Amino acid sequence: MDNGYRPELLVMPSSLEEMRLLGAAGANAFTVGEARYGMRLAGEFDLKAVQHAAEYTRANNFKLYAAVNNLIDNETLPDLPAYIRGLAEAGVDAVIFGDPAVLMTVRSEAPQLELHWNAEMTSTNYATANYWGRRGAHRVVLARELNMEQVIEVKQHTELQVEVQVHGMTNIYHSKRSLLHSYLDHQAKSGIESELKEEPGSFGQTGGLFLVETERPEERYPIYEDSNGTHIMSSDDICMLENLHELLEAGIDSFKIEGILKTPAYNETVVRAYRYVIDKYLKDPAGYQFQDEWLEPIREIQDPKRELSFGFFYKEQVY
């Protein structure tokens, strides 16, 4: 394929060690950050760690993005300019934002940085993406609720780079409140049986906590709490490896593997599989045909209690 199309394979490492592991496996773009400014991070990267990460990405011709997609409050706002300058000095290539305050701060403090608009569930149409493009955004991170037809339509109607999540769990609920601790306190005081189930070691940093609905006991929703509040994640994992060629044909610019709450070994396996498929397609798009055995390494390491699914990619949207 000689048209210069080289989509990136984007991951969020939990540490510098995992970054190197995933880079060796085939990832070529990384998102890092710290919880005060970024939302749902796999690990904490202060400015010194960001600098070390940037040294690694520059040496390997990779990209490094800083997640500043938190909900910026009045308390955080005064420190934001210095933080943005620090990111620029550390060597990041772009800032991921959802709050206009971040966009304005980047444009005033570090205009050389690219801007990736990531507003979670609200990035659902190309007109809004183009609105932010006219204000300086270089990329739109599409909502996970869009189906394939809608994803392709956005790509066809915007000059912004388009990023799509192709693997991993998704966030289905977030609250700034510490709902988990409040609930557990109430449970302890009242002796009420909890709908939260615990399986130590299942998801590392979550402590193995899951929300289980009475009507659907087979579905487990990972739930965890950090300094940004309470997060409930999907009960399954998106896996678009089999149909990745549809997104490649559409010219999607960035494929994100969401590795939060997964082990480095799991993420390495997934990255290798997607790198292999991307390279196979780019080598011969006309002759490309997916082979089922390419998915086997992921199936072998996948938690049997978490289904691999296409997410919303092939669901008809009814409003």
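Do you know which residues across segment 237-284 are assigned to a helix (DSSP H, G or I), among the aliphatic types (A, V, I, L, M) and open to solvent by less than 40 Å² (accessible area, probe 1.4 Å)? Of everything in segment 237-284, those that are assigned to a helix (DSSP H, G or I), among the aliphatic types (A, V, I, L, M) and open to solvent by less than 40 Å² (accessible area, probe 1.4 Å) turn out to be Leu244, Leu247, Leu248, Val270, Val271, Ala273, Val277, Ile278, Leu282. Scan segment 269-282 and give yes if some residue there is within 26 Å of Met39 (Cα to Cα) and modelled with pLDDT under 95, otherwise no. There is no residue in segment 269-282 that is within 26 Å of Met39 (Cα to Cα) and modelled with pLDDT under 95. Mind checking which residues of segment 116-154 are open to solvent by less than 10 Å² (accessible area, probe 1.4 Å) and among the hydroxyl-bearing types (Ser, Thr, Tyr)? Ser123 - this is the single residue of segment 116-154 that is open to solvent by less than 10 Å² (accessible area, probe 1.4 Å) and among the hydroxyl-bearing types (Ser, Thr, Tyr).
If you check Thr76 against the conditions, is it hydroxyl-bearing (Ser, Thr, Tyr), out of contact with any Asp or Glu (no Cβ under 8 Å at 6 or more places or on another chain) and closer than 22 Å to Leu241 by Cβ? Walk me through it before giving the result.
Numbers: hydroxyl-bearing (Ser, Thr, Tyr): yes; out of contact with any Asp or Glu (no Cβ under 8 Å at 6 or more places or on another chain): yes; closer than 22 Å to Leu241 by Cβ: no.
No: the conditions fail for Thr76.
Tyr5 falls short on exactly one of the conditions (1) surrounded by fewer than 21 Cβ atoms within 10 Å (Cβ to Cβ); (2) assigned to a strand (DSSP E or B); (3) of a type in the set (Ser, Thr, Tyr), and that condition is (2).
Scanning segment 118-154 for residues that are closer than 14 Å to Leu103 by Cα and in a loop (DSSP other than H, G, I, E, B) yields a count of 6.
Within segment 14-22, does at least one residue satisfy the condition of being surrounded by 15 or more Cβ atoms within 10 Å (Cβ to Cβ), out of contact with any Cys (no Cβ under 6 Å at 6 or more places or on another chain), closer than 20 Å to Phe97 by Cβ and of a type outside the set (D, E, K, R)?
Let us first name the residues in segment 14-22 that are surrounded by 15 or more Cβ atoms within 10 Å (Cβ to Cβ), namely 14-16, 18-19, 21-22.
The next check asks that each one be out of contact with any Cys (no Cβ under 6 Å at 6 or more places or on another chain); those that pass are 14-16, 18-19, 21-22.
In the following step, the residues that additionally are closer than 20 Å to Phe97 by Cβ were identified as none.
Within segment 14-22 (the criterion being surrounded by 15 or more Cβ atoms within 10 Å (Cβ to Cβ), out of contact with any Cys (no Cβ under 6 Å at 6 or more places or on another chain), closer than 20 Å to Phe97 by Cβ and of a type outside the set (D, E, K, R)), the answer is no, since none of the residues qualifies.
The values are calculated or read from the model by the stated rules, or taken from the named source; none is laboratory data. This is a predicted model, so every value here is computed, not measured. All Cβ positions, even for glycine, are placed from backbone atoms using ideal geometry, and neighbour counts span all protein chains on display. Surface accessibility is based on the protein's heavy atoms, side chains included, excluding ligands, DNA and RNA. Shrake-Rupley method; radii C 1.70, N 1.55, O 1.52, S 1.80 Å.
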